[in-house]
2 protein chains.
Amino acid sequence: MTSMNSLTFEELGSAAQRDRRKRILDATIALASKGGFDAVQMRAVAERADVALGTLYRYFPSKIHLLVSALAREFEQANISLDRKPVPGDTAADRVIYVLSRNTRALQRDPNLTEALTRAFMFADASVANEIHAVGMHVTRMLMRAMHAQDVPSSEIEPTEEDIAVAKVIGDVWLASLVQWVTGRASAADVSKSIDVAVRLLLRD
Amino acid sequence: MTSMNSLTFEELGSAAQRDRRKRILDATIALASKGGFDAVQMRAVAERADVALGTLYRYFPSKIHLLVSALAREFEQANISLDRKPVPGDTAADRVIYVLSRNTRALQRDPNLTEALTRAFMFADASVANEIHAVGMHVTRMLMRAMHAQDVPSSEIEPTEEDIAVAKVIGDVWLASLVQWVTGRASAADVSKSIDVAVRLLLRD
DNA sequence: TCTGCGAGTGAAACGTGTTTCGATTATGCC
DNA sequence: GGCATAATCGAAACACGTTTCACTCGCAGA
């Protein structure tokens with residue numbers, strides 16, 4: 001529709017285009033992982049992805065769109081890997097904490113990447129609504145999966161209003177503590193603790 | 001100490017310098033109020049404050065430092081105005097909600113300004129730690145004041161570990177919902193509701 | 001096969017945050 | 001008052017996100 005949205009994998013016609021998109025996101029992740037937000041320079045991404053600068057901007061209309069799209073892809077992959085086996089834990093709270101802890105540890109293993117993606121997400125304005133929404137969907141889906149019994153196929157879950165509200169708040173708390181961890185205002189332990197507190201308050205059975 | 005911190009009001013020697021600092025922050029607020037984050041352009045701030053660009057950078061080492069310092073001053077003023085009379089409300093939760101609602105309404109009255117200050121706060125990295133800490137102190141102090149009985153002079157409040165933790169979480173939730181409001185992902189009503197839920201969960205008597 | 005067109009290219013240009021530096025002015029000290 | 005030092009000024013330069021544009025290329029349809 002408008003030229004203001006990132007091109008998604010689905011709406012890309014040819015295999016060559018999908019490959020370009022993949023190369024761009026790969027380059028983004030690689031540069032972010034090496035030097036954080038500042039190291040993701042549009043010229044560098046274009047060069048590394050072997051694509052002209054103008055093309056990069058055709059696929060992703062800004063650096064923020066690019067990074068938030070990269071974040072969405074990361075969460076998508078995390079979801080896929082999570083789908084492979086049931087989430088361990090006896091209660092919804094246990095399972096949610098398991099899933100969030102697992103993801104938090106993964107993020108903390110690559111601080112530069114996490115810094116880049118988190119700051120982009122926080123800095124995004126209304127023009128990035130679609131990409132942000134995609135990220136939110138992945139997080140919500142992940143939490144839904146954890147909140148429900150392990151044996152329900154994820155395609156059959158139909159979350160209640162309440163479920164979604166709770167997932168939203170938990171996602172907010174998770175993100176807020178990640179932001180603080182990224183900026184050195186909170187330790188890894190603080191992040192775990194925030195999540196623990198929030199989940200137990202919101203998901204008491 | 002390092003050249004990487006904003007010059008605070010206190011460490012400025014002469015009246016002329018304090019006046020320059022004030023002019024700079026005034027110009028920042030005015031421009032932000034008119035056009036949001038993007039309208040706060042360093043050259044424009046310098047010109048409006050009648051100060052050279054280099055001087056502006058001597059007082060505030062980056063646009064983010066500048067905006068977060070402006071945010072700190074706003075909260076400081078809110079605190080002062082709040083100190084003038086006791087906070088109404090019978091329970092801690094009521095008083096906290098009163099204070100936050102009052103501030104939220106004030107912020108929502110000037111969306112551009114709020115957008116500028118909020119986004120700067122969220123985008124800030126570790127180098128802005130001092131300024132961010134100042135903001136946190138003001139918010140914490142405001143909440144402390146509300147959580148304790150109305151007649152205790154604020155200078156005599158000595159908050160417990162627990163109090164501080166709770167205030168921190170409430171502050172996080174408040175900020176997170178403001179961010180979403182600023183980016184159009186949540187309505188004013190959503191903001192009120194988030195605060196309401198968080199406060200009642202965390203401050204049940 | 002030819003042709004027209006949209007995608008991609010390469011390079012330059014622009015805007016704004018940030019840095020730099022020599023000249024000028026203010027300030028504190030004798 | 002005269003001087004040393006620091007603060008401020010003015011203006012240019014630099015860095016990186018973003019835009020623009022003339023050009024090329026590959027391919028779908030005639």
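Here's the yes/no breakdown for (1) in contact (Cβ under 8 Å) with a residue 40 or more places away in the chain; (2) within 21 Å of A:LEU202 (Cα to Cα); (3) not charged (D, E, K, R):
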site: A:ARG102; (1), (2), (3): no, yes, no
site: A:THR140; (1), (2), (3): no, yes, yes
site: A:ILE170; (1), (2), (3): yes, yes, yes
site: A:SER177; (1), (2), (3): no, yes, yes
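Scanning the stretch A:194-205 for residues that are away from every other protein chain (no Cβ under 11 Å) and not aliphatic (A, V, I, L, M), which turns out surrounded by the fewest Cβ atoms within 10 Å (Cβ to Cβ)? My answer is A:ASP205.
Selection of the stretch A:170-188 for residues being more than 11 Å from chain B (Cβ to nearest Cβ) and closer than 14 Å to A:MET147 by Cβ yields only A:ILE170.
Take B:GLU162 and decide whether it is outside any helix (DSSP H, G or I) and surrounded by fewer than 16 Cβ atoms within 10 Å (Cβ to Cβ). It is false that B:GLU162 is outside any helix (DSSP H, G or I) and surrounded by fewer than 16 Cβ atoms within 10 Å (Cβ to Cβ).
Checked against (1) among the aliphatic types (A, V, I, L, M); (2) at pLDDT 90 or above; (3) closer than 18 Å to B:ASP172 by Cα, A:VAL199 passes all but condition (2).
Just a yes or no: is a residue in the stretch B:23-41 buried (at least 16 other Cβ atoms within 10 Å of the Cβ), over 28 Å from B:ALA189 (Cβ atoms) and in contact with a Gly (Cβ under 9 Å, 6 or more places away or on another chain)? Checked against the condition, which is being buried (at least 16 other Cβ atoms within 10 Å of the Cβ), over 28 Å from B:ALA189 (Cβ atoms) and in contact with a Gly (Cβ under 9 Å, 6 or more places away or on another chain), the stretch B:23-41 yields no hits at all. Among the residues of the stretch B:165-186, is any within 20 Å of the chain's Cα centre (by Cα), assigned to a loop (DSSP other than H, G, I, E, B) and of a type in the set (Val, Ile, Thr)? Yes, the stretch B:165-186 has at least one match.
Residue count for the stretch B:70-93 satisfying the condition of being touching a residue at least 24 places away in the same chain (Cβ under 8 Å) and assigned to a helix (DSSP H, G or I): 13. In the set A:VAL128, A:VAL135, A:VAL96, A:VAL191, only one residue is in a helix (DSSP H, G or I) and either within 11 Å of chain B (Cβ to nearest Cβ) or surrounded by fewer than 22 Cβ atoms within 10 Å (Cβ to Cβ) (or both); that residue is A:VAL128. Which of the numbered conditions does A:ASP110 fail, given that it passes all the others? Conditions: (1) at pLDDT below 95; (2) touching a Ser or Thr at 6+ places or on another chain (Cβ under 6 Å). Failed condition: (1). For B:ALA16, are the conditions met, namely being at pLDDT below 95, away from DNA strand C (no atom under 16 Å from the Cβ) and of a type in the set (A, V, I, L, M)? Taking the combined requirement at face value, the residue does not satisfy it.
Would you pick out the residues in the stretch B:41-69 that are assigned to a loop (DSSP other than H, G, I, E, B) and near DNA strand D (Cβ under 9 Å from one of its atoms)? Answer for the stretch B:41-69, where residues must be assigned to a loop (DSSP other than H, G, I, E, B) and near DNA strand D (Cβ under 9 Å from one of its atoms): B:ASP50, B:VAL51, B:ALA52. Assess whether A:ASP90 counts as being within 15 Å of DNA strand D (Cβ to nearest atom) and out of contact with any helix residue (DSSP H, G or I) (no Cβ under 8 Å at 6 or more places or on another chain). So A:ASP90 fails the test.
Yes/no matrix, rows are residues, columns are (1) within 15 Å of DNA strand C (Cβ to nearest atom); (2) among the hydrophobic types (A, V, I, L, M, F, W, C):
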site: A:GLY35; (1), (2): no, no
site: A:GLU47; (1), (2): yes, no
site: A:ASP50; (1), (2): yes, no
site: A:SER62; (1), (2): yes, no
site: A:ALA70; (1), (2): no, yes
site: A:GLU76; (1), (2): no, no
site: A:ASP90; (1), (2): no, no
site: A:ILE97; (1), (2): no, yes
site: A:LEU100; (1), (2): no, yes
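Flag set for B:VAL68, criterion: hydrophobic (A, V, I, L, M, F, W, C), within 14 Å of chain A (Cβ to nearest Cβ) and in contact with an Asp or Glu (Cβ under 6 Å, 6 or more places away or on another chain).
For the stretch A:18-32, does any single residue satisfy the condition of being under 18 Å from A:GLY171 (Cα atoms), touching a residue at least 40 places away in the same chain (Cβ under 8 Å) and part of a helix (DSSP H, G or I)? Taking every residue of the stretch A:18-32 in turn, none turns out to be under 18 Å from A:GLY171 (Cα atoms), touching a residue at least 40 places away in the same chain (Cβ under 8 Å) and part of a helix (DSSP H, G or I).
When A:GLU10 is tested against (1) acidic (Asp, Glu); (2) more than 17 Å from A:HIS133 (Cα to Cα); (3) not in a helix (DSSP H, G or I), just one condition goes unmet, and that condition is (2).
The values are calculated or read from the model by the stated rules, or taken from the named source; none is laboratory data. Just so you know, these numbers come straight off a predicted model, no measurement behind them. Note that each Cβ is placed from the backbone with ideal geometry, even for glycine, and that neighbours are counted across all protein chains shown.
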